[in-house]
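J.: The structure is given below, and queries will be raised subsequently.
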Amino acid sequence: MNDVLGATLKIAGAGLQAQSTRLRVVAENLANADSTANSKGGDPYRRKTVSFDSVMDRGVGAELVQVKQIGRDRSDFQLAYDPSHPAADDKGYVKKPNVQPLIEMMDMREAGRAFEASMNVIEQSRAMMTRVVDLLRS
């Protein structure tokens, strides 16, 4: 029983770690949603993405989720006409980040729910361990 609960905790912990990274990346994207380039005609902040992978943990005999990579979204930048802006190109257009706050908020909500689900698994596993210890004492 202890092996099963230990494996459960390790799986849930890996989920917490992966979703924590995802939340950090979403927060970074939102923080930079309105940033522009530092130089004339330069590129602004490019949205970051997180991809996951599963890896076999032979110690617990289960697959754990992990962050495979933090990549860059290669979609086009938005253009805004503002010839007075210091980052405007020769035609007066400023490149805006390819961050869409609505998508980031949905991603944050999904990651938050996955994080919460992993926390619930940990809480239930701890409660089960406590019950086993109580049964062994009596």
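J.: Quick one: in the range 89-115, which of the residues that are more than 15 Å from Tyr45 (Cα to Cα) and aliphatic (A, V, I, L, M) is farthest from the chain's Cα centre (by Cα)?
T.: Leu102
J.: Quickly run through the range 36-60 and pick out the residues that are without any contact (Cβ under 8 Å) to a residue 40 or more places away in the chain, out of contact with any Lys or Arg (no Cβ under 6 Å at 6 or more places or on another chain) and polar (S, T, N, Q).
T.: Thr49, Ser54
J.: How many residues does the range 68-88 contain that are surrounded by 13 or more Cβ atoms within 10 Å (Cβ to Cβ), charged (D, E, K, R) and either within 15 Å of Pro44 (Cβ to Cβ) or out of contact with any strand residue (DSSP E or B) (no Cβ under 6 Å at 6 or more places or on another chain) (or both)?
T.: Counting residues in the range 68-88 that are surrounded by 13 or more Cβ atoms within 10 Å (Cβ to Cβ), charged (D, E, K, R) and either within 15 Å of Pro44 (Cβ to Cβ) or out of contact with any strand residue (DSSP E or B) (no Cβ under 6 Å at 6 or more places or on another chain) (or both) gives 2.
J.: Give the residues of the range 44-64 that are surrounded by 12 or more Cβ atoms within 10 Å (Cβ to Cβ), closer than 25 Å to Gln100 by Cβ and hydroxyl-bearing (Ser, Thr, Tyr), sorted by residue number.
T.: Hits for the range 44-64 are Tyr45, Thr49.
J.: Checking Gly92 against (1) on the phi > 0 side of the Ramachandran plot; (2) open to solvent by 30 Å² or more (accessible area, probe 1.4 Å); (3) of a type outside the set (S, T, N, Q), which single condition isn't satisfied?
T.: (2)
J.: Is there a residue being touching a Gly at 6+ places or on another chain (Cβ under 9 Å), of a type outside the set (D, E, K, R) and at negative phi anywhere in the range 37-47?
T.: No: zero hits.
J.: Same structure again: Is it the case, given these coordinates, that Val26 is open to solvent by less than 60 Å² (accessible area, probe 1.4 Å), under 20 Å from the mean Cα position of the chain (by Cα) and either over 17 Å from Ile103 (Cα atoms) or modelled with pLDDT under 95 (or both)?
T.: No: the conditions fail for Val26.
The values are calculated or read from the model by the stated rules, or taken from the named source; none is laboratory data. Quantities reported herein were computed from a predicted structural model and do not represent experimental measurements. As a convention, Cβ positions derive from the backbone with ideal geometry for all residues, glycine included, and neighbour counts pool all protein chains shown. When the accessible area is computed, the model is the full protein with side chains, heavy atoms only, and any ligands, DNA or RNA have been set aside. Shrake-Rupley method; radii C 1.70, N 1.55, O 1.52, S 1.80 Å.
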